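Undergrad: Submitted below is the structure of interest, expressed as structure tokens.
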Amino acid sequence: MTKKPPFLGGLFSSCFFVALLHEIILVMKKFQVITLFPEMFTGVFESSMMWKAQKDSIVELSTINLRDFGLGPRKQVDDTPYGGGDGMLLMIEPLWNAVLNAKENDPTAKILLMTPRGARWKQALAQEYSETDHGYIFICGRYEGYDERILELVDQEVSVGDYVLTGGELPAMTIVDSIVRLIPGVLGGESSAEIESFSDGETLEFPQYTRPLEFNNLVVPEVLLSGHHANIKSWREQQSRRT
Ligand code: SAM
């Protein structure tokens, strides 16, 4: 039996390592959030599925502190609007430079601006965005908003609903979460995302129950205990609602 020379073994294992590294670099999706309040993301990015997706090297989640791009000794990021009006706007220079910085980290990333004026975020978009091979940069507005010229760099304006939040951080967290959990390998049971509400664009998931069988005189529907798969399937179909 011929033995492989030791240096060849080393060469093969380092090739394998390089290939693996390449695969990881290729697959890892980056989510960068530009915000004045990076601390808000700590709990969300370090818990549950978001934590797991990072641990498994499926995604890279990070924040960019807009304050680091502020102007002058006070690191100013906001100013009053031209034409008058209440409140402050995020200035163009700090925002612009923060976006360019994020782009340097991930040149193919798409830039999403959080704004009530944007397209309504939907499960279908979360699915679509989870399947792309590029990352995303989120811009979180604050105060009365931002200097409109930032739109020159933006690929899509996104809204989470017809209401006004104090800043774009909660929308960004919502959107990142809805995308990350759909990336293959993040959820344990891959089929669980397929039967979820809105997965076909309009159906809401059927009601579900777990132990105990009876609680405060509230009992689990008989059909779910029958073991009759066809009946269970048809009950679930009846119970699913259209939006
Ligand atoms: N003056 C703005 C208006 O009337 O549309 C609202 C500004 S809001 C107080 C500050 C920031 O929060 C916005 O620039 C945006 O980034 C974010 N924001 C608030 N509500 C949002 C929503 N429904 N969807 C996405 N982003 C939102």
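Undergrad: Treat each spin label as a single point 7 Å out from the Cα along the C-beta direction, and report the Ser234 to Thr42 distance in nm.
TA: 5.5
Undergrad: In nm, to one decimal, how far is the modelled label at Trp51 from the one at Arg74, with both set 7 Å along Cα→Cβ?
TA: Inter-label distance under the simple model: 4.0 nm.
Undergrad: Once you sort the root eigenvalues of the Cα gyration tensor of the chain as a ≥ b ≥ c, which label holds: rounded (a/c under 1.5), prolate (a/b larger than b/c) or oblate (the other case)?
TA: oblate
Undergrad: I want to verify a result. In a Gaussian network model of the chain, Cα cutoff 10 Å, which of these has the top mean-square fluctuation: Val99, Val164, Val219?
TA: Of Val99, Val164, Val219, the most mobile in the Gaussian network model is Val219.
Undergrad: Please state the shape class of the range 115-170: rounded when a/c is under 1.5, otherwise prolate if a/b exceeds b/c and oblate if not, all from the C-alpha gyration tensor.
TA: oblate
Undergrad: A follow-up question, please. Give a residue-ordered list of calculated ³J(HN,Hα) values for the range 154-163 (Karplus: 6.51 cos²θ - 1.76 cosθ + 1.60, θ = phi - 60°; whole Hz; x for Gly, Pro).
TA: Rounded to whole hertz, the list is 8, 8, 8, 9, 10, 10, 9, x, 8, 7.
Undergrad: Follow-up question, since we're still on this one. Step through the table entries Lys52/Lys103; Lys75/Lys103; Lys30/Lys233; Lys75/Lys110; Lys55/Lys103; Lys55/Lys122, compare each Cα-Cα distance with 31 Å, and write down the pairs that go over it.
TA: Cα-Cα > 31 Å for Lys30/Lys233; rest within.
Undergrad: Starting with the highest mean, order 122-130, 139-147 by the number of other Cβ atoms within 10 Å, averaged over the residues of each peptide.
TA: Result, highest mean first: 139-147, 122-130.
Undergrad: Tell me which DSSP H helices of the chain clear both cut-offs, 30 Å or more of axial length from alpha-carbon atoms and a mean Kyte-Doolittle hydropathy of at least -1.0.
TA: On the way: long enough: 6-27 (31 Å, 1.87).
Membrane-span-like by this rule: 6-27.
Undergrad: Let me ask something additional. Convert 37 °C to kelvin, take the viscosity as 0.692 mPa s, use the Kirkwood radius over C-alpha pairs of the range 93-237 as Rh, and evaluate the Stokes-Einstein diffusion coefficient in µm²/s, rounded to a whole number. List each step's numbers first, then the result.
TA: Numbers: Rh = 18.2 Å.
Roughly 180 µm²/s, to the nearest whole number.
Undergrad: Once you sort the root eigenvalues of the Cα gyration tensor of the range 36-103 as a ≥ b ≥ c, which label holds: rounded (a/c under 1.5), prolate (a/b larger than b/c) or oblate (the other case)?
TA: Prolate is the answer for the range 36-103, as a/c is 1.5 or above and a/b outweighs b/c.
Undergrad: Here is a further query. Sticking to Cα atoms, compute the Rg of the range 197-242 to one decimal and its Dmax as the biggest Cα-Cα distance, whole number, in Å.
TA: Rg, Dmax (Cα atoms, Å): 12.2, 36.
Quick note: the coordinates plus some simple rules give every number you see, no bench work behind them. Owing to the predicted nature of the structure, the values given are computational and were not obtained by experimental measurement. Note: ideal-geometry Cβ built from the backbone for every residue, glycine included; neighbour counts use all protein chains shown.
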